[in-house]
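One structure is given below, encoded as structure tokens.
The values are calculated or read from the model by the stated rules, or taken from the named source; none is laboratory data. Since this is a predicted model, take the numbers as computed values, not measurements. A quick note on method: Cβ atoms are made from the backbone with ideal geometry, for glycine too, and the neighbour counts reach across all protein chains shown. What goes into the accessible areas is simple: the full protein's heavy atoms, side chains included, and nothing from ligands, DNA or RNA. Shrake-Rupley method; radii C 1.70, N 1.55, O 1.52, S 1.80 Å.
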Amino acid sequence: MSASTLDLTHDEAALERYLAEVAENGYCIVEGAIEPELVTEVRDAVARVEHALGVQPKGNRIEGFATKRMYNLLGKDRSFWKLPIHRNVLPFPQRLMEPGAILSGTTCMHIGPGEVHQGLHSDDGLVDQIDVPRPRAPFMVTTIWALTDFTSENGATRLVPGSHHFDHEPQPGEKPSYIAAEMPAGSVLIVNGGTWHCGGANTSEDDWRLGISVQYCRGWMRQQQNQYYSLSPTDVQDMPEELAALCGFSLYRGIMGHVDGASPGRYLGVDGTAETAYAARIKAIEHGDEVGGIGTAEPVAAAAD
């Protein structure tokens, strides 16, 4: 399906096919997901910001010895605002986790020749194995945008198919079978947060692999990258309301994340995310149809303590 016709917010049959792949393998690749003009726009934005900030490899095994890496992209260039709310990307975290999922982070990974394999990991591996044993429903969903072709030689993401079903995180010395997520530019790799993966080694002579990771987590979790401090109030006021909500400026289920009883968005004057804590529950109680097992005002008041 071409980029001009693919729309997973309205094509339920296609979305279900991709979700079935994720359920079985822990990942799927959506080819032709991103419009060619958006690929070009985002590539240009990366080049512009890398130059302006003088980005260089960080020189460690996790972040890379030959990889130019940038975090918190939404505050660096407004072209990146289009990524988290894209019609062929946002449906995945909303279906694999919940409609209240929020943005955990945005990271650019520009892998250069000579880069080595990153260590295998799962993105929700910080969730305590004792409290929530694996296998489990995902706490994170990672989407990796291919802005250049991903090949086995230039560092395409490595994945261990089915590893989201494993009962443990990767262990030192463990060498499972993996595949390279090869895909053309304009594709998006969708990864269950429990799936083992890593950045691949770039063994090419001069081929830089450019990808952007857009990660989502459940609405009640702490985000990997702090959206509140990386975005200016003007940015939040100017961005689409759906994006502001994803960044955490609305309330989770009408309660969590408030500032003196108001959503962060209301605190900043963002109309679309302006909410008052407990307003929906108070209204439900007044109408006698409170949900969630709280039937009187007294337990609600206690919950606010």
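Key figures
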quantity: The one condition in (1) in contact (Cβ under 8 Å) with a residue 24 or more places away in the chain; (2) hydroxyl-bearing (Ser, Thr, Tyr); (3) under 20 Å from ASP149 (Cα atoms) that THR9 fails to fulfil; calculated: (3)
quantity: Hits in the stretch 1-47 - residues which are in contact with a strand residue (DSSP E or B) (Cβ under 8 Å, 6 or more places away or on another chain) and more than 25 Å from PHE166 (Cα to Cα); calculated: LEU6, LEU8, GLU31, ALA33, ILE34, VAL42, ARG43, VAL46
quantity: So LEU90, is it closer than 26 Å to CYS198 by Cβ, out of contact with any strand residue (DSSP E or B) (no Cβ under 8 Å at 6 or more places or on another chain) and surrounded by 15 or more Cβ atoms within 10 Å (Cβ to Cβ); calculated: yes
quantity: First in the stretch 40-64 and touching a residue at least 12 places away in the same chain (Cβ under 8 Å), second anywhere and open to solvent by 50 Å² or more (accessible area, probe 1.4 Å) and in a helix (DSSP H, G or I), Cβ under 9 Å, 6 or more apart; calculated: GLU41/LYS82; VAL42/LYS82; ALA45/ARG78
quantity: Subset of the stretch 182-216 (residues that are hydrophobic (A, V, I, L, M, F, W, C) and in contact with a Phe, Trp or Tyr (Cβ under 6 Å, 6 or more places away or on another chain)); calculated: MET183, VAL188, ILE190, VAL191, ILE212
quantity: Filter result (of a type outside the set (Phe, Trp, Tyr), out of contact with any Leu (no Cβ under 6 Å at 6 or more places or on another chain) and buried (at least 18 other Cβ atoms within 10 Å of the Cβ)) within the stretch 245-254; calculated: ALA245, GLY248, SER250, LEU251, GLY254
quantity: Residues satisfying the stated conditions in the stretch 145-194, i.e. in contact (Cβ under 8 Å) with a residue 40 or more places away in the chain and on the phi > 0 side of the Ramachandran plot; calculated: GLY155, GLY162, GLY186
quantity: Odd one out for SER163, checked against (1) closer than 29 Å to LEU38 by Cβ; (2) small (Gly, Ala, Ser); (3) under 20 Å from the mean Cα position of the chain (by Cα); calculated: (1)
quantity: Hits in the stretch 1-26 - residues which are closer than 30 Å to LYS68 by Cα and open to solvent by 40 Å² or more (accessible area, probe 1.4 Å); calculated: ASN25
quantity: Cross-chain or 6+ apart pairs with Cβ under 9 Å, the stretch 230-257 first and more than 17 Å from ALA101 (Cβ to Cβ), then open to solvent by less than 50 Å² (accessible area, probe 1.4 Å) and hydroxyl-bearing (Ser, Thr, Tyr); calculated: VAL236/THR273
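Listed here are the residues, each with its yes/no results for (1) in a loop (DSSP other than H, G, I, E, B); (2) within 27 Å of GLU41 (Cα to Cα); (3) open to solvent by less than 50 Å² (accessible area, probe 1.4 Å); (4) of a type outside the set (Lys, Arg).
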residue: ILE190; (1), (2), (3), (4): no, yes, yes, yes
residue: SER204; (1), (2), (3), (4): yes, yes, yes, yes
residue: ILE212; (1), (2), (3), (4): no, yes, yes, yes
residue: GLN215; (1), (2), (3), (4): no, yes, yes, yes
residue: GLY219; (1), (2), (3), (4): yes, no, yes, yes
residue: TYR228; (1), (2), (3), (4): no, yes, no, yes
residue: LEU243; (1), (2), (3), (4): no, yes, yes, yes
residue: TYR267; (1), (2), (3), (4): no, no, no, yes
